[in-house]
Amino acid sequence: MRMKVIGVIEKGQDGTYDIRMSHHKLDFFLLGQGDTVELAKEDFLVSDEEMRDLYKEEKNSYPNLEFVYKFDLPSFLEFYSKKIGYSSLEKITGVNQRQLSQYVQGYRNPSKSTTLKIEKGLKDFAEELSQIQFV
């Protein structure tokens, strides 16, 4: 049976990304770091392999883990603003691009209602994209 483990992606003040396990019921902790999200994920998986090897060496059973990655909002906006752009994110979410930029820069923190508004806008957009069919 697979156990879902959430890896929380956050961007540090030094510009690098960290992935850490959220609250879990395991007796170990995994961490990944890298200059990009992709490199942080690779490092996170290396951490998992190293822990798996340690368990094997100690003849212990290692859980069958399935990783689900979640961004904190500023890290998500920072990562995807390079792919989508703030003006497009504003159209998708209904949140002013200056406000989005302030979240990324750490000048402001989004309220719970703003976070939910951004999440809903992005999910609606993803749903719209998932229905695209070309002829």
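The values are calculated or read from the model by the stated rules, or taken from the named source; none is laboratory data. Everything numeric here is computed off the predicted structure, so don't read it as measured data. We place every Cβ from the backbone using ideal geometry, glycine too, and count neighbours over all the protein chains shown. SASA here: full protein model, heavy atoms, side chains in, ligands and nucleic acids out. Shrake-Rupley method; radii C 1.70, N 1.55, O 1.52, S 1.80 Å.
Evaluate the following for GLY121: is it crowded, with 16+ Cβ neighbours inside 10 Å and out of contact with any Phe, Trp or Tyr (no Cβ under 7 Å at 6 or more places or on another chain)? Quick ask: steps written out before the conclusion?
Values: crowded, with 16+ Cβ neighbours inside 10 Å: yes; out of contact with any Phe, Trp or Tyr (no Cβ under 7 Å at 6 or more places or on another chain): yes.
So GLY121 passes the test.
Pairs please, first residue from the range 100-113 and at positive phi, second anywhere and not hydrophobic (A, V, I, L, M, F, W, C), Cβ atoms under 9 Å, 6+ apart in sequence or on different chains.
Pairs that qualify, where the first residue is at positive phi and the partner is not hydrophobic (A, V, I, L, M, F, W, C), are GLY106/GLN13; GLY106/PRO74.
Tell me, yes or no, whether the range 68-83 has at least one residue that is assigned to a loop (DSSP other than H, G, I, E, B), out of contact with any Lys or Arg (no Cβ under 9 Å at 6 or more places or on another chain) and open to solvent by 30 Å² or more (accessible area, probe 1.4 Å).
Step one: of the range 68-83, the residues assigned to a loop (DSSP other than H, G, I, E, B) are 72, 82-83.
Restricting the remaining residues to those that are out of contact with any Lys or Arg (no Cβ under 9 Å at 6 or more places or on another chain) gives 82-83.
From what is left, the residues that are open to solvent by 30 Å² or more (accessible area, probe 1.4 Å) are 82-83.
Yes, the range 68-83 contains a residue that is assigned to a loop (DSSP other than H, G, I, E, B), out of contact with any Lys or Arg (no Cβ under 9 Å at 6 or more places or on another chain) and open to solvent by 30 Å² or more (accessible area, probe 1.4 Å).
Could you tell me which of the residues ASP35, ASP27 is more than 23 Å from MET1 (Cβ to Cβ) and charged (D, E, K, R)?
On the way: ASP27 fails: more than 23 Å from MET1 (Cβ to Cβ).
From the options ASP35, ASP27, the qualifying one is ASP35.
Scan the range 1-58 residue by residue and report those that are in contact with a Lys or Arg (Cβ under 9 Å, 6 or more places away or on another chain), surrounded by fewer than 15 Cβ atoms within 10 Å (Cβ to Cβ) and among the aromatic types (Phe, Trp, Tyr).
If the condition is that a residue be in contact with a Lys or Arg (Cβ under 9 Å, 6 or more places away or on another chain), surrounded by fewer than 15 Cβ atoms within 10 Å (Cβ to Cβ) and among the aromatic types (Phe, Trp, Tyr), then PHE29 is the only one that fits.
Filter the range 84-96 down to the residues that are in a loop (DSSP other than H, G, I, E, B) and touching a Lys or Arg at 6+ places or on another chain (Cβ under 8 Å) and list them by number.
Let us first name the residues in the range 84-96 that are in a loop (DSSP other than H, G, I, E, B), namely 84-85, 94-96.
Scanning the range 84-96 gives GLY94, VAL95.
What are the residues in the range 1-18 that are among the aliphatic types (A, V, I, L, M) and within 12 Å of GLN33 (Cα to Cα), if any? Explain how you work it out, then say what you get.
Pass one, the range 1-18, residues among the aliphatic types (A, V, I, L, M): 1, 3, 5-6, 8-9.
Residues satisfying the conditions are VAL8, ILE9.
Can you tell me which residues in the range 99-113 are over 16 Å from GLU78 (Cβ atoms) and either part of a helix (DSSP H, G or I) or open to solvent by less than 50 Å² (accessible area, probe 1.4 Å) (or both)?
So the first thing to find is which residues in the range 99-113 are over 16 Å from GLU78 (Cβ atoms), and the list is 111-113.
Residues satisfying the conditions are LYS112, SER113.
Hey, among SER61, SER47, which residue is at pLDDT below 95 and either part of a helix (DSSP H, G or I) or hydroxyl-bearing (Ser, Thr, Tyr) (or both)?
Numbers: SER47 fails: at pLDDT below 95.
Within the list SER61, SER47, the selection yields SER61.
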